[in-house]
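Trainee: Before we start, here is the structure in question, set down as structure tokens.
The values are calculated or read from the model by the stated rules, or taken from the named source; none is laboratory data. Computed from a predicted model, the values in this text were never measured in an experiment. As a convention, Cβ positions derive from the backbone with ideal geometry for all residues, glycine included, and neighbour counts pool all protein chains shown. Protein only, heavy atoms only, side chains kept; ligands, DNA and RNA dropped before computing areas. Shrake-Rupley method; radii C 1.70, N 1.55, O 1.52, S 1.80 Å.
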Amino acid sequence: CGALAACGSGGSASGDDDAITMGFSQVGAESGWRTANTKSIREAAKAAGIELKFSDAQQKQENQIKAIRSFIQQRVDVIAFSPVVETGWDNVLLEAKRANIPVILTDRAIDSDDESLYETFLGSDFVEEGRKAGEWLVEDSKGEGTVNVVELQGTTGSAPALDRQEGFQEAISGSDIKIIASQTGDFTRSGGKQVMEAFLKSHSDIDVVYAHNDDMGLGAIEAIEAAGKKPGEDIKIITVDAVKDGMQALADGKINFIVECNPLLGDQLMDLVQKVVAGEQVPKRVVVEETTFTQEEAKKVLPERQY
Ligand code: AHR
């Protein structure tokens with residue numbers, strides 16, 4: 001507050017009564033992607049002068065529901081969240097709607113018949129990401145006969161796990177590529193390692209690992225090396241995200257192909273927040289632009305990679 005202005009008791013932590021307050025419920029800190037996403041959101045909120053109430057759900061839907069209810073009670077101006085799973089949101093989002101608090105989905109979508117429960121969804125096209133992974137493998141394995149793939153899935157019931165599986169299946173259908181085993185590694189490095197260890201024990205004929213994110217792929221590399229095999233050569237690896245550690249493994253020849261999933265959503269999110277709070281019209285869906293990387297491309301871009 002300025003010297004002559006009185007501070008209202010309901011003022012924001014920044015001392016600016018006009019500042020927008022946003023409640024943000026993050027999935028957790030399960031991956032390098034998530035860490036980069038959280039940093040981007042925190043920095044963008046600060047730069048835009050938006051007061052951020054940040055809550056980490058530790059990969060649990062019940063924690064996200066509690067956080068959203070608490071944001072409603074605190075009467076924030078807007079709620080944004082990245083839903084850990086797709087279903088089960090209607091009741092709590094109806095509570096936000098009745099309290100006249102707009103909701104923005106970021107990174108992950110929800111599965112609901114009622115589109116009025118949120119203003120907009122900002123995030124990647126996960127089906128397209130899975131499709132790109134499958135298309136690369138179809139091209140790469142042409143003329144090789146049967147190709148056996150094991151799939152390390154993301155969190156069960158989450159949009160990226162469901163959609164990346166769907167897109168990949170679609171791209172490989174009609175080819176000689178077969179998914180011989182599929183299990184969740186919960187998007188974590190330790191989960192990817194554990195599941196890959198089990199796959200290696202029960203299958204002697206694995207040609208390719210398709211991991212729904214870099215972290216699980218990096219865990220799989222540890223398991224493959226511990227089993228005395230060469231990742232990237234004896235067993236090919238395809239992942240999604242393109243975080244620094246993943247790109248380093250790609251440049252080192254341990255991963256064969258990465259589909260990018262961009263975590264730097266902060267600035268676009270703050271822009272949508274400002275528009276939604278001002279009552280401006282926003283598109284119902286904002287898709288993030290993304291690319292793919294081969295080993296050669298990774299070597300070129302690695303020095304400038306931000307996350
Ligand atoms: O929702 C995005 C996914 O969640 C990322 O691909 C993964 O790394 C993260 O945990």
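Trainee: So what's the convex hull volume per residue for the Cα atoms of the range 230-307, in Å³? Show your work: numbers first, answer last.
Mentor: Values: hull volume 6.9 nm³, N = 78.
Measuring per residue, one finds 88 Å³ for the Cα hull of the range 230-307.
Trainee: In square angstrom, rounded to the nearest 10, how much accessible surface does ILE221 have for a 1.4 Å probe?
Mentor: Roll a 1.4 Å probe over it and ILE221 shows about 10 Å².
Trainee: Same structure again: Given a 1.4 Å probe and heavy atoms of the protein chains only, how would you sort SER204, SER116, SER190, largest accessible area at the top?
Mentor: Details: SER204 115, SER116 55, SER190 80 Å².
Result of the area sort, largest leading: SER204, SER190, SER116.
Trainee: Something else: Using only the Cα atoms of the chain, what do you get for the radius of gyration and for Dmax, in Å?
Mentor: Expressed in Å, the Cα Rg and Dmax of the chain come to 21.2, 79.
Trainee: I would also like to ask the following. How much of the accessible area of the chain, probe 1.4 Å, is carbon plus sulfur, in whole percent?
Mentor: Values: 6150 of 13800 Å².
Answer for the chain: carbon and sulfur cover 45 percent of the accessible area.
Trainee: Pairs of alpha-carbon atoms within less than 8 angstrom and 6+ residues apart define the contacts here; what relative contact order does the range 151-225 have, in percent? Don't jump to the answer; show the numbers that get you there.
Mentor: Details: 108 pairs, mean separation 29.5, N = 75.
Relative contact order for the range 151-225 comes out at 39 percent.
Trainee: Please work out how much length the chain gains when fully extended from ASP114 to LYS60, using 0.36 nm per residue of separation minus the C-alpha to C-alpha distance, in nm with one decimal.
Mentor: Working: separation 54, 0.36 × 54 = 19.44 nm, distance 2.28 nm.
Once the chain is fully extended between ASP114 and LYS60, it gains 17.2 nm.
Trainee: Residue separation times 0.36 nm, minus the C-alpha to C-alpha distance between ILE179 and LYS201: what's the value?
Mentor: On the way: separation 22, 0.36 × 22 = 7.92 nm, distance 1.65 nm.
Working it through step by step, the gained length comes to 6.3 nm.
Trainee: Which value, in debye to the nearest 20, describes the size of the charge dipole of the range 112-266 about its Cα centre when Lys and Arg Cβ atoms bear +1, Asp and Glu Cβ atoms bear -1, and nothing else is charged? Intermediate results must be reported in sequence, preceding the final value.
Mentor: Numbers: 13 positive and 30 negative charges, 140 e Å.
Dipole of the range 112-266, to the nearest 20 debye: 680 debye.
Trainee: Moving to a separate point now. For the range 188-235 and the range 72-96, what is the separation of their Cα centres, given in Å?
Mentor: Cα centroid to Cα centroid, the span is 36 Å.
Trainee: Relative to the present Cα-Cα distance, how much length would full extension add between SER190 and GLU222 at 0.36 nm per residue of separation? Don't skip to the answer; put the middle values down first.
Mentor: Numbers: separation 32, 0.36 × 32 = 11.52 nm, distance 0.97 nm.
Difference between extended and current length: 10.6 nm.
Trainee: Just to confirm, what accessible area per residue do you get for the chain at 1.4 Å probe, in whole Å²?
Mentor: Details: 13800 Å² over 307 residues.
The answer is 45 Å² per residue.
Trainee: With +1 on each Lys and Arg Cβ and -1 on each Asp and Glu Cβ, how big is the dipole of the chain about its Cα centre, in debye rounded to the nearest 20? Spell out each step's value before the answer.
Mentor: Details: 31 positive and 52 negative charges, 160 e Å.
That gives the chain a dipole magnitude of about 760 debye.
Trainee: Please work out the FRET efficiency for the pair GLU43 and VAL287, using the Cβ-Cβ distance as r and a Förster radius of 22 Å; give the result to the nearest 0.05. Show your work: numbers first, answer last.
Mentor: Working: r = 22 Å, r/R0 = 1.01.
For R0 = 22 Å, the calculated efficiency reads 0.50.
Trainee: Let me ask something additional. Quick one: accessible surface of THR35, probe radius 1.4 Å, all protein chains present, in square angstrom to the nearest 10.
Mentor: Counting only protein heavy atoms, THR35 exposes about 90 Å² to solvent.
Trainee: Placing +1 on the Cβ of each Lys and Arg and -1 on the Cβ of each Asp and Glu in the chain, which of GLN59, MET196, ILE224 has its Cα farthest towards the positive end of the resulting dipole?
Mentor: Projecting each Cα onto the dipole axis, the largest value belongs to GLN59.
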